[in-house]
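The values are calculated or read from the model by the stated rules, or taken from the named source; none is laboratory data. This structure is a prediction, so every number in the text was calculated from the model and none was measured. Ideal geometry is used to build each Cβ from the backbone, glycine not excepted, and the neighbour counts take in all protein chains shown.
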Amino acid sequence: MPASNPNVVLSSAFTDLFPGIEHRPRLNQQQFDFLPGVLSGLGMATTYTYLDSKGLPNSLLSNVSDAPAASPSTGRGNLPFEGLSKHNANVAAFYERGPVSLRVAYNWRSRFLETAVDEIYPYFPVYQTATGQLDASLFYNITQHIKVGIQGVNLTDTVTKTEQQFTSTGLLGPRSYFVTDRRYSLIVRGSY
């Protein structure tokens with residue numbers, strides 16, 4: 001994006017499509033092409049999204065046949081929407097100059113509801129705790145049509161944690177911990 005228009009602010013009619021969800025996305029991107037020489041390839045992109053989805057009827061979203069009907073004890077009728085974090089943030093630094101393309105990005109999201117009704121007793125909600133991970137890639141254009149690179153995903157080896165509500169008052173306790181592992185890929189891309 002040219003330095004003359006460094007900031008882009010996006011808005012959407014998301015709230016009109018889904019009543020009960022407040023959605024405020026924001027995207028800023030800046031390429032520092034005003035810097036001298038090789039530094040002119042540096043840039044940064046940031047995004048932040050706020051979603052507020054209180055009071056959606058999640059009891060209609062889960063298909064657990066033997067779970068009790070929505071009640072104050074499970075709170076299923078007044079939970080956030082499944083799978084949506086209230087806060088989402090991404091920060092990426094990049095370098096694009098000549099045949100070289102380098103990107104490093106950190107993505108973070110706050111706690112979110114995985115399911116309104118667990119598949120096992122006591123059928124209470126399950127949440128995933130706040131999590132973030134670091135990814136990076138480096139590509140080199142060998143020719144106009146061939147690019148080679150290396151990509152790393154989850155370089156921080158982030159542990160994903162879930163919590164389950166275990167009382168009718170909303171107390172949470174640990175449920176599971178798992179690691180997606182670091183992944184490295186060697187990539188060859190061709191275009192015509």
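List of remarks:
- Search result, residues across region 176-189 that are assigned to a strand (DSSP E or B) and either of a type outside the set (A, V, I, L, M, F, W, C) or within 29 Å of SER101 (Cα to Cα) (or both): SER176, TYR177, VAL179, ARG183, TYR184, SER185, LEU186, ILE187, VAL188, ARG189
- Pairs, first within 15 Å of SER110 (Cα to Cα) in region 124-153, second of a type in the set (S, T, N, Q) and outside any strand (DSSP E or B), C-beta under 7 Å, six or more apart: ALA130/SER110; THR131/THR158; GLY132/THR158; GLN133/ASN154; GLN133/THR156; GLN133/THR158
- Listed conditions (1) in contact (Cβ under 8 Å) with a residue 40 or more places away in the chain; (2) loosely packed, with under 11 Cβ neighbours inside 10 Å; (3) part of a strand (DSSP E or B) are all met by GLY173, apart from (1).
- GLY43 vs. criteria outside any loop (DSSP other than H, G, I, E, B) and modelled with pLDDT under 80: no
- Of the strands (runs of 3 or more DSSP E) lying entirely inside region 100-167, those containing at least 1 residues that are more than 30 Å from VAL188 (Cβ to Cβ) and acidic (Asp, Glu) span 112-115, 159-165.
- Output for region 46-85, where each listed residue is in a loop (DSSP other than H, G, I, E, B), farther than 25 Å from GLY132 by Cβ and modelled with pLDDT of 55 or more: GLY55, PRO57
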